Amino acid sequence: MAEPLVLGIETSCDETGVALVRGNELLVDAVASSMEEHARYGGIIPEVASRAHLEAMIPTIQKALGDADVDLSEIDAVAVTAGPGLVGPLTIGASAAKALSIGLNKPLYGVNHVIGHACVDQLVDGPLPERAMALVVSGGHSSLLMVDDIATNVTELGSTLDDAAGEAFDKVGRLLGLPYPGGPHIDRLAREGDPTAIRFPRGLTAAKDQAKHAYDFSFSGLKTAVARWVEARTDAGQAIPVNDVAASFAEAVADVLTAKTIAACHKHGVDTLVIGGGFSANSQLREMAAKRCAEAGIDLRIPPIRYCTDNGAMIAALGSAVVRAGVAPSSLDIPVDSSMPLTTITV
Ligand code: KG4
Ligand code: ZN
């Protein structure tokens, strides 16, 4: 018998994503983004994002079905992001998914967005091995997950205590006068700079942090250190070597992310690492992860960037995994949860 056909809907932030997955095969991945509307505010405005999701939802569903040449009646299950994310945007997606589930009389699965970022890799690189590590890094999250079974057993080893990696890049971008979002601009400048020019602090890497925060991240001290360094130079009337600042800052972020992740792999005997989330586009992280994983004998899997930014495929992929694992469907009155725990795979 053919594997079930799962429709996935993602609306946790500013992308309206709708995708169809059968087994680990992606049939279509349609996306509409409201990013341009947010750029002029220098950040995501939840109400603007909610309105954009509302307007994009039906056209995006229709586009996905049309492009895949699939009729609604062929769908076996509906998966939707239940959290974490912005409450208004999440509610739009959940409402659409519930309506489809009722209308089609097919089961609903409310799933975890962050775990979706790890699961999407199965569509590209095939099933995850028995135990894998997942580093999910974006503007909203920086989390280290140990995945024993993507559908039923995920352990959160650590998370950021303050800013996410992409958020730290965006904040440093602002203080360097770069357009929003600053992350890709810093990446570009950093490639021209010297990463050893300035030794910026590596958060939570001191011996005293090993007991409680071995796998947690903190980037706000680093961001402040960059601000102080730039301020001191400016006050002294000196020019700012922007490329070197960008490179040294990016180096500090990549160093902490990769060092902690590889230490966790060693500690837990894991030899497969998935990196997901929009920040996985970062060149410094990619290079350092590739080098250090090769040295450590760890198989590194990073899906193409279009599957790393928020999308429907990641939610359809996780929906497909939980359906195939025989996980019970969600009830039709599930709430959305802006701070859904990362160990909760389905609600
Ligand atoms: O996953 P994503 O598209 O959106 C959410 O966070 O939900 O991630 C976007 C984040 C932004 O903070 C952006 O500045 C950062 O990832 N980013 C980058 C790069 N590309 C995107 N940061 C550094 N280097 C990049 N190449
Ligand atoms: Zn995300």
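Among the candidates Leu161, Leu144, which residue alone is away from ligand 1 (no atom under 14 Å from the Cβ) and surrounded by fewer than 24 Cβ atoms within 10 Å (Cβ to Cβ)?
Leu161
Just one of (1) over 14 Å from Val80 (Cβ atoms); (2) of a type outside the set (S, T, N, Q); (3) away from ligand 2 (no atom under 15 Å from the Cβ); (4) touching a helix residue (DSSP H, G or I) at 6+ places or on another chain (Cβ under 9 Å) trips up Ile345, so point out which.
(1)
So, in region 266-296, of the ones that are over 15 Å from the mean Cα position of the chain (by Cα) and crowded, with 23+ Cβ neighbours inside 10 Å, which residue ends up farthest from Arg188 (Cα to Cα)?
Ala289
How many of the residues making up region 104-131 are among the β-branched types (Val, Ile, Thr), more than 13 Å from ligand 2 (Cβ to nearest atom) and buried (at least 24 other Cβ atoms within 10 Å of the Cβ)?
So the first thing to find is which residues in region 104-131 are among the β-branched types (Val, Ile, Thr), and the list is 111, 114-115, 120, 124.
The next check asks that each one be more than 13 Å from ligand 2 (Cβ to nearest atom); those that pass are 124.
With buried (at least 24 other Cβ atoms within 10 Å of the Cβ) added as a condition, the list becomes none.
Total satisfying the criteria: 0.
Listed here are the residues, each with its yes/no results for (1) of a type in the set (D, E, K, R); (2) within 21 Å of the chain's Cα centre (by Cα); (3) within 15 Å of ligand 2 (Cβ to nearest atom).
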| position | (1), (2), (3) |
| --- | --- |
| Asn153 | no, yes, no |
| Val172 | no, yes, no |
| Leu175 | no, no, no |
| Pro181 | no, yes, yes |
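I'd like to check which strands (runs of 3 or more DSSP E) are fully inside region 1-90 and have at least 3 residues that are over 24 Å from Ser142 (Cα atoms).
5-10, 15-22, 25-33
Would it be correct to say that Ala134 is modelled with pLDDT of 95 or more, within 16 Å of ligand 1 (Cβ to nearest atom), under 26 Å from Gly277 (Cβ atoms) and surrounded by 24 or more Cβ atoms within 10 Å (Cβ to Cβ)?
Values: modelled with pLDDT of 95 or more: yes; within 16 Å of ligand 1 (Cβ to nearest atom): yes; under 26 Å from Gly277 (Cβ atoms): yes; surrounded by 24 or more Cβ atoms within 10 Å (Cβ to Cβ): yes.
It is true that Ala134 is modelled with pLDDT of 95 or more, within 16 Å of ligand 1 (Cβ to nearest atom), under 26 Å from Gly277 (Cβ atoms) and surrounded by 24 or more Cβ atoms within 10 Å (Cβ to Cβ).
Which condition breaks for Ala99 when tested against (1) modelled with pLDDT of 95 or more; (2) touching a strand residue (DSSP E or B) at 6+ places or on another chain (Cβ under 9 Å)?
(2)
Please tell me if Ala254 is touching a Gly at 6+ places or on another chain (Cβ under 6 Å), crowded, with 21+ Cβ neighbours inside 10 Å and either free of Cβ contacts under 8 Å to residues at least 24 places away in the same chain or not polar (S, T, N, Q) (or both). Write out each step before concluding.
Working: touching a Gly at 6+ places or on another chain (Cβ under 6 Å): no; crowded, with 21+ Cβ neighbours inside 10 Å: yes; either free of Cβ contacts under 8 Å to residues at least 24 places away in the same chain or not polar (S, T, N, Q) (or both): yes.
No.
Condition check: buried (at least 22 other Cβ atoms within 10 Å of the Cβ) and under 27 Å from Met35 (Cα atoms). Does Gly177 satisfy that?
On the way: buried (at least 22 other Cβ atoms within 10 Å of the Cβ): no; under 27 Å from Met35 (Cα atoms): yes.
In short, no.
Test Ala227 against the criterion of being more than 25 Å from the chain's Cα centre (by Cα), among the small types (Gly, Ala, Ser) and either within 17 Å of Ala168 (Cα to Cα) or modelled with pLDDT under 95 (or both), and give yes or no. Can you show your working first?
Working: more than 25 Å from the chain's Cα centre (by Cα): yes; among the small types (Gly, Ala, Ser): yes; either within 17 Å of Ala168 (Cα to Cα) or modelled with pLDDT under 95 (or both): yes.
The answer is yes for Ala227.
Pick from region 86-103 the residues that are touching a helix residue (DSSP H, G or I) at 6+ places or on another chain (Cβ under 6 Å) and not β-branched (Val, Ile, Thr): which of them is surrounded by the most Cβ atoms within 10 Å (Cβ to Cβ)?
Looking only at region 86-103, we keep the residues that are touching a helix residue (DSSP H, G or I) at 6+ places or on another chain (Cβ under 6 Å), and these are 86, 88-89, 92, 96.
Keeping just the survivors that are not β-branched (Val, Ile, Thr) gives 86, 88-89, 96.
Values: Leu86: 23, Gly88: 18, Pro89: 30, Ala96: 22.
Among those residues, the one meeting the criterion is Pro89.
Which is more than 14 Å from ligand 1 (Cβ to nearest atom), under 18 Å from the mean Cα position of the chain (by Cα) and either closer than 30 Å to Phe169 by Cα or surrounded by fewer than 18 Cβ atoms within 10 Å (Cβ to Cβ) (or both), of Ile9, Ile44, Ile58?
Working: Ile44 fails: more than 14 Å from ligand 1 (Cβ to nearest atom); Ile58 fails: under 18 Å from the mean Cα position of the chain (by Cα).
Going through Ile9, Ile44, Ile58 in turn, just one is more than 14 Å from ligand 1 (Cβ to nearest atom), under 18 Å from the mean Cα position of the chain (by Cα) and either closer than 30 Å to Phe169 by Cα or surrounded by fewer than 18 Cβ atoms within 10 Å (Cβ to Cβ) (or both): Ile9.
The values are calculated or read from the model by the stated rules, or taken from the named source; none is laboratory data. It should be emphasised that the depicted structure is a prediction, and the values quoted were computed from it without experimental measurement. Cβ: placed from backbone, ideal geometry, glycine included. Neighbour counts: every protein chain shown.
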